[in-house]
Amino acid sequence: MREVVLDTETTGLDPASGHRVLEIGAVEIVHQSLTGNVFHVLINPERDVPQDAVRVHGHDAAVLKDKPVFSSIVHEFLAFIGDSSLVIHNADFDMRFVNAELARLGLAAIGMERVIDTLTLARKKHPGQPNSLDALCDRYRIDRTRRVRHGALLDAEILVEVYCELTGGRQRSLLLDDAQTLAGAQAILIPACSEPRRPRKSSLEPEDAAGHARYIEAFVIDAIWSRYLAPPA
């Protein structure tokens with residue numbers, strides 16, 4: 001199953017106030033495994049970037065002035081996500097911005113029915129606990145040392161690991177790997193027999209075997225093992 005893990009950075013908190021998307025990072029996963037296919041772009045938001053936002057992600061207007069505007073990358077972006085489910089942390093925030101950008105261009109909105117919100121998953125799994133991306137990384141011992149500032153692509157890559165933890169994907173993968181390793185070890189340690197085993201010939205002398213039989217007959221009548229004794233030579 002193909003899914004796209006997505007994150008955005010913006011000029012502010014509310015698209016209704018004129019704030020815009022300035023970075024998109026998207027990572028393709030299939031059966032919760034990275035494929036190496038990514039979509040990443042910095043975008044000229046066609047407006048100023050407040051210092052509060054710059055402190056979060058580090059992108060100011062001077063850095064972004066020569067970047068493409070949203071209208072020039074939108075078709076490439078939509079082609080990358082296709083009709084796959086989108087995995088987003090605090091999805092309402094990102095989707096409001098993405099859909100506002102699409103609306104500016106007269107394009108159809110992306111429905112929330114195809115979005116998996118990892119914040120919702122985390123709140124169900126860890127009620128009453130901090131469930132920010134940083135908090136989840138700490139809880140699941142996921143390395144976030146590179147996350148000095150927010151970055152759309154880096155956050156999407158980290159979110160892949162968080163998503164796997166929240167849905168049990170990593171545990172399932174480990175169990176599958178263990179099972180495959182064990183099967184391989186058994187194939188090496190217990191090779192198939194090339195031919196069926198044959199009973200070993202007794203090393204008892206005929207007189208000793210006859211004496212043993214008389215001893216058994218003295219106190220056991222019709223012993224079950226006597227039915228499998230080879231006939232006398």
Suppose we filter Val4, Val21 for residues that are surrounded by 14 or more Cβ atoms within 10 Å (Cβ to Cβ), touching a Leu at 6+ places or on another chain (Cβ under 9 Å), of a type in the set (A, V, I, L, M) and at pLDDT 95 or above; which single one remains? Val4
The one condition Asp66 fails out of (1) assigned to a loop (DSSP other than H, G, I, E, B); (2) touching an Asp or Glu at 6+ places or on another chain (Cβ under 9 Å); (3) of a type in the set (Asp, Glu) is (2)
Could you list, ordered by first residue, the pairs with Cβ atoms under 7 Å in which the first is in the stretch 104-122 and closer than 21 Å to His19 by Cα and the second is part of a helix (DSSP H, G or I) and among the hydroxyl-bearing types (Ser, Thr, Tyr), at least 6 apart or interchain? Leu105/Ser71
Look at Arg96 and say whether it is touching a helix residue (DSSP H, G or I) at 6+ places or on another chain (Cβ under 7 Å) and without any contact (Cβ under 8 Å) to a residue 60 or more places away in the chain. no
Of residues in the stretch 38-51 being in contact (Cβ under 8 Å) with a residue 40 or more places away in the chain and either part of a loop (DSSP other than H, G, I, E, B) or open to solvent by 70 Å² or more (accessible area, probe 1.4 Å) (or both), the one nearest to Glu9 (Cα to Cα): His40
Would you check if there is a residue in the stretch 170-177 being open to solvent by 30 Å² or more (accessible area, probe 1.4 Å), modelled with pLDDT of 95 or more and not basic (Lys, Arg)? no
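The values are calculated or read from the model by the stated rules, or taken from the named source; none is laboratory data. Predicted model, so just to flag it, every value in this text is computed and none were measured. FYI the Cβ positions are ideal-geometry reconstructions off the backbone, even for glycines, and counts take in every protein chain you see. Accessible surface areas use protein heavy atoms only, side chains included; no ligands, DNA or RNA. Shrake-Rupley method; radii C 1.70, N 1.55, O 1.52, S 1.80 Å.
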